[in-house]
Amino acid sequence: MQYQILVKQQTDNSFLATVLGMPECRVEAQTKEQAVVLAKEAIEDLLGQGEIVLVNIDTINSNPWLKMHGQLKDEPMFDDVIGEIKAYRGSVDEQD
């Protein structure tokens, strides 16, 4: 597997390496190369303590209106109802 490591030079000229997505894998060293080696060892150590498991999670539809979307697409009177709604809204707007 490949992991991305962010290496930043510190103000004291040391290097801080953080494995992206694994904030607990953060190491500091005197050289960039040494920081990368230590970060790799930190990944190996972390993975040695457990295992990576992939799971699929179905997305939950949080918008209840989407359940009704498209239910009236074949309703022959739907366009008439929409026209009535527009006319009503227009008359209400004129009254204001």
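The values are calculated or read from the model by the stated rules, or taken from the named source; none is laboratory data. Worth saying up front: this structure is predicted, and the values here are computed from it rather than measured. With ideal geometry, Cβ positions are generated from the backbone for all residues, glycine too; neighbour counts draw on all protein chains shown.
General observations
- Among residues of the range 46-96 being aliphatic (A, V, I, L, M) and at pLDDT below 80, the one that is farthest from residue 23 (Cα to Cα) is 66.
- Unique residue being outside any loop (DSSP other than H, G, I, E, B), surrounded by 10 or more Cβ atoms within 10 Å (Cβ to Cβ) and over 26 Å from the mean Cα position of the chain (by Cα) when the list is 36, 92: 36
- Some residue of the range 1-21 being touching a Cys at 6+ places or on another chain (Cβ under 8 Å) and surrounded by 10 or more Cβ atoms within 10 Å (Cβ to Cβ): yes
- Test: residue in the range 40-47 that is in contact (Cβ under 8 Å) with a residue 24 or more places away in the chain and within 21 Å of the chain's Cα centre (by Cα): no
- Test: residue in the range 68-85 that is assigned to a helix (DSSP H, G or I) and among the basic types (Lys, Arg): no
- For the range 16-67, filtering for residues that are within 14 Å of residue 5 (Cβ to Cβ) and of a type in the set (Asp, Glu) leaves 5.
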